[in-house]
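The values are calculated or read from the model by the stated rules, or taken from the named source; none is laboratory data. Nothing here was measured: the structure is a model prediction, and the numbers come from that model. Here the Cβ positions follow ideal geometry from the backbone for every residue, glycine too, while neighbour counts run over all protein chains shown. When the accessible area is computed, the model is the full protein with side chains, heavy atoms only, and any ligands, DNA or RNA have been set aside. Shrake-Rupley method; radii C 1.70, N 1.55, O 1.52, S 1.80 Å.
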Amino acid sequence: MTVAYVAGATGYTGREVVRLLRSRKIDTIAHVRPDSGRLEQWRERFERLGVRVDTTPWEEGAMAATLAALQPDLVFGLLGTTQSRARREAKAGVSREQNSYEQVDYGMTMMLVRGLDALPGSRRFVYLSAAGVGPKGNAYVAARYRVETELHQTGLEWVIARPSWITGPDRDEVRPAERIGASLTDAALGLAGLLGARTLRDRYRSTTNTALAAALVHHGLERSSDHRILESEDLRGYGPTGA
Ligand SMILES: NC(=O)c1ccc[n+]([C@@H]2O[C@H](COP(=O)([O-])OP(=O)(O)OC[C@H]3O[C@@H](n4cnc5c(N)ncnc54)[C@H](OP(=O)(O)O)[C@@H]3O)[C@@H](O)[C@H]2O)c1
């Protein structure tokens, strides 16, 4: 029986991945950070779905020990910080360093990768990266590109997903810049599509957490020894609306 471990389970995409895994009766473990202000709410929500909750701290040895004990076949790395989160938490006394892309998007994701790669047998890692990730770019892109590059050097099966904007009406946090960015991009791409630039439109058009999660779960559960990089257009068509 497949055992799936979801890091970033409390995120907009992660919570939907957890729900979908359980709807397929997969033994699912949702990671919630031990210092989460909403730990009990998350515990209740996940346990109601029949999901096990893990609160291992983000420390290399602790995470490796947890993965060794739980022996997941499949790990989803769906976490990442944002500049607005770093600014907001800085006001509450959390250093900017603790919320840097280097520390969170790269550092924590690589703790999972190394911990899983150390286990015997074939294991699969699904990494939620982002559209446009490559060798050139800002700190966000650089952190993600390092994870992608280092995944290639492991013995894991891996799936790298590169969606464009992930948007929807029910985020906990209002993200006006993201919503506006996604709307403007979608409008421009709609026009480009009408003019024949369908590839461009499919690459950068926004998606929803439900559509994206359906694609991640589909590719995560498909056991094969291959390595896949899925661009935005490859992540469409798995959700209930086919979005
Ligand atoms: N949003 C987009 O348009 C977009 C587009 C392409 C790619 N992506 C990437 O896709 C991923 C998921 O996106 P999303 O919108 O679903 O994310 P989200 O809702 O912002 O969730 C982020 C997740 O990361 C965790 N996290 C953030 N900072 C952390 C820290 N310092 N320590 C421990 N955990 C931390 C959060 O945990 P808590 O709940 O405990 O804070 C949460 O589980 C992100 O990595 C993002 O960069 C996003």
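I'd like to check something: does region 19-38 contain any residue that is in contact with a Gly (Cβ under 6 Å, 6 or more places away or on another chain) and near the ligand (Cβ under 10 Å from one of its atoms)?
no
Looking only at region 86-99, decide whether some residue is crowded, with 17+ Cβ neighbours inside 10 Å and either at positive phi or under 17 Å from the mean Cα position of the chain (by Cα) (or both).
Among the residues of region 86-99, at least one is crowded, with 17+ Cβ neighbours inside 10 Å and either at positive phi or under 17 Å from the mean Cα position of the chain (by Cα) (or both), which makes the answer yes.
Say whether the condition of being more than 20 Å from GLY155 (Cα to Cα) and within 11 Å of the ligand (Cβ to nearest atom) is met by at least one residue in region 59-69.
No, because not a single residue in region 59-69 is more than 20 Å from GLY155 (Cα to Cα) and within 11 Å of the ligand (Cβ to nearest atom).
For residues that are part of a helix (DSSP H, G or I) and open to solvent by 30 Å² or more (accessible area, probe 1.4 Å), tally how many sit in region 128-166.
Of the residues in that region, 8 qualify.
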